[in-house]
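Below you'll find the structure, written out as structure tokens, and then a few comments.
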Amino acid sequence: MDAKLLFQDAAGFATPMLAVFAVDIATANDAEPLPALLSTSDAVTDAAEKVMASGEFKAGLGETLLLHAPNGLKAERLLLVGMGKAKSLSVDEVRKAGGAAVRAAKPRGLRQIAIVFPEDHALSDEHLDELPCMLMSRALIEGASLADPDYDTYKSDRKDTALQTLSILAKETEKSTRAEIQQGFDEGLIVAAAQNFTRSLVNEPGNVLTPTVLGQRAAAMCAEMGLKCEVFSTEKLHELKMGAFWAVAQGSAEPPALIVMTYEPKLEKGKSPVKDAPVMGLVGKGITFDTGGISIKPADGMEKMKYDMAGAAAMIGAMRAIAQLKPKVKVISVICSAENMPDGKSFKPGDVVTAMSGKTIEIVNTDAEGRLVLADGLHYAKTLGCTHLIDAATLTGACVVALGMLNAGLFSNNEEACERFQNSLKTSGEKFWRLPCTDDYREQINSQIADIRNTGGTRWGGAITAALFLKEFVGDTPWVHLDIAGCAWNEEVKPAIAKGPTGIAVRSILEWVRSYSA
Ligand code: BES
Ligand code: ZN
Ligand code: ZN
């Protein structure tokens, strides 16, 4: 997609479809909707005047209405897109409305569209403090870019409906400067491309995207973006004594991949490296298919377990954006990728394995494999010098039971690191809900035979006992754990995004890392 930001008049712009946003400015909660266009162009407001007055269009979030041959405009069609209530407008609504504009073009076969940058005259001042135009601009292009892909990748009669050109038509005002709109647009394009890259990885079936191929895709991305990347396999796992990671990998015909990507900020001229500067460690669960192993999963829905590498893909996507946005902080990403298979060589319930840290683990359930690969990944990241850790994993079904599919799980052993993450959600617009990770749950993972066992024994609080298992391997290092099992895959097409991989966590991880930039 060729995306352009143009400071140009919307009325005179020739395009198959021009989208313009509207908000509902009714203030009382039970009042009739009062839609107002976010455009100051007389020609655009005139063209929409009749339908705006008709009451047919209520400016609800994601609501659209299409007019053909709009009077006084060069555009062939005018699309009204609702952003919902003005008083509750946030970056997330802007992102969704941007997405809805693009999704409306798809069934109509329109591949070149233009969007009027939302002009803020209908919004109150206090609103605009919350919603600076830089963020508005970023969210708009993110939403539009994330709405573009469809995941019917392997259909023989697949029609390419991807946008060819997207033009954002903006107007500079006192509050919305050209520089800020441009900066938001540039950042948004980078972030959305990274998230779409993550989604393209998560979309791949397990027979295509093996651990080896995941390593190749990560290496190719790093080569393109100027990041250092090393991809190791079985030998290195043995050399590092990664007994927990290897236990999961040993039953598969596909060799595991340990992927290490490094971003090093450029030193400014004449400056020496800062002593004790933080080093961010991004660790991802990369199970390219999770059958459950010997503790095999039921057949129903097992095909979904191809997305059990969404945590790894999120980290790879975040690294892609980091390479382009260049925060002043070192970042190392460790991806632990394997396939969890039943086999004569598989690990078994009752086995005791030794993790890289030296801790012994009693295996109770081979389907609790994510925490095993992450245990070694987190410990290894520490030995590489990481001072702050974050992991992302489709870790537990219990987290989906607890939070459903709208919020992902957030756990931490450190208030500051956690607060920074929660702050990053304001920019990312993603939803994470903090769950406890306190030591009173620790006894549930006591083992009689070893230092620790890999499940809590009961289903109750399963997301928490999984987090506590990981906590054993991070020690005092500030750490944030993201359980994205419920949010990595969209079961239904939504107004602003296709069915399939979501790319959850990329944006929040990126903002969290940037918050440590010197
Ligand atoms: N990959 C699954 C978790 C999962 C569930 C991801 C649903 C996406 C959607 C994980 O490896 C797993 O199987 N966890 C078990 C742990 C249990 C055996 C303690 C679970 O959640 O049932
Ligand atoms: Zn599993
Ligand atoms: Zn799994």
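The values are calculated or read from the model by the stated rules, or taken from the named source; none is laboratory data. Values in this document were obtained by computation on a predicted structure and should not be read as measured data. We place every Cβ from the backbone using ideal geometry, glycine too, and count neighbours over all the protein chains shown. Ligands, DNA and RNA are stripped out before the accessible areas are found, and what is left, the full protein with its side chains, is counted by its heavy atoms. Shrake-Rupley method; radii C 1.70, N 1.55, O 1.52, S 1.80 Å.
Among residues of the range 361-375 that are part of a loop (DSSP other than H, G, I, E, B), those with a beta-carbon under 9 Å from a residue that is of a type in the set (Ser, Thr, Tyr) and near ligand 3 (Cβ under 10 Å from one of its atoms) at least six positions away or on a different chain give the pairs Asp367/Thr291; Ala368/Thr396.
Considering the range 476-496, the residues that are buried (at least 23 other Cβ atoms within 10 Å of the Cβ) and β-branched (Val, Ile, Thr) include one that is farthest from ligand 1 (Cβ to nearest atom), namely Val480.
Note on the range 477-495: among residues that are without any contact (Cβ under 8 Å) to a residue 24 or more places away in the chain and assigned to a loop (DSSP other than H, G, I, E, B), the one that is nearest to Leu435 (Cα to Cα) is Glu492.
For every residue, the table says whether it meets (1) acidic (Asp, Glu); (2) under 24 Å from the mean Cα position of the chain (by Cα); (3) more than 16 Å from ligand 2 (Cβ to nearest atom).
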| site | (1), (2), (3) |
| --- | --- |
| Arg442 | no, no, yes |
| Ser447 | no, no, yes |
| Gly456 | no, no, no |
| Glu472 | yes, no, yes |
| Gly475 | no, no, yes |
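For the range 295-310, the set of residues classified as part of a helix (DSSP H, G or I) and either open to solvent by less than 10 Å² (accessible area, probe 1.4 Å) or more than 10 Å from ligand 3 (Cβ to nearest atom) (or both) consists of Met302, Glu303, Lys304, Lys306, Ala310, listed by residue number. Within the set Gly292, Gly281, Gly286, the sole residue that is farther than 30 Å from Pro327 by Cα, touching a residue at least 60 places away in the same chain (Cβ under 8 Å) and outside any helix (DSSP H, G or I) turns out to be Gly292. Mind listing just one residue for me: the one in the range 38-74 that is touching a residue at least 60 places away in the same chain (Cβ under 8 Å) and at positive phi and, of those, most open to solvent (accessible area, probe 1.4 Å)? That would be Gly72. Within the range 385-406, residues that are in the same structural domain as Val283 (by TED's automatic domain parsing) sit with their Cβ atoms under 9 Å from residues that are open to solvent by 40 Å² or more (accessible area, probe 1.4 Å) and small (Gly, Ala, Ser), at 6+ positions apart or across chains, in these pairs: Thr387/Ala277; Thr396/Ala402.
Within the range 269-294, the only residue that satisfies the criterion of being of a type in the set (Asp, Glu) and either more than 12 Å from ligand 3 (Cβ to nearest atom) or farther than 18 Å from Leu395 by Cα (or both) is Asp276. Within the range 461-475, the set of residues being touching a residue at least 40 places away in the same chain (Cβ under 8 Å) and either among the β-branched types (Val, Ile, Thr) or surrounded by fewer than 24 Cβ atoms within 10 Å (Cβ to Cβ) (or both) comprises Gly461, Gly462, Ile464, Lys471, Glu472, Val474, Gly475.
The residues of the range 10-52 that are closer than 12 Å to Ala114 by Cβ, of a type outside the set (Gly, Ala, Ser) and within 34 Å of the chain's Cα centre (by Cα), listed by number, are Phe13, Thr15, Pro16, Met17, Leu18, Val20.
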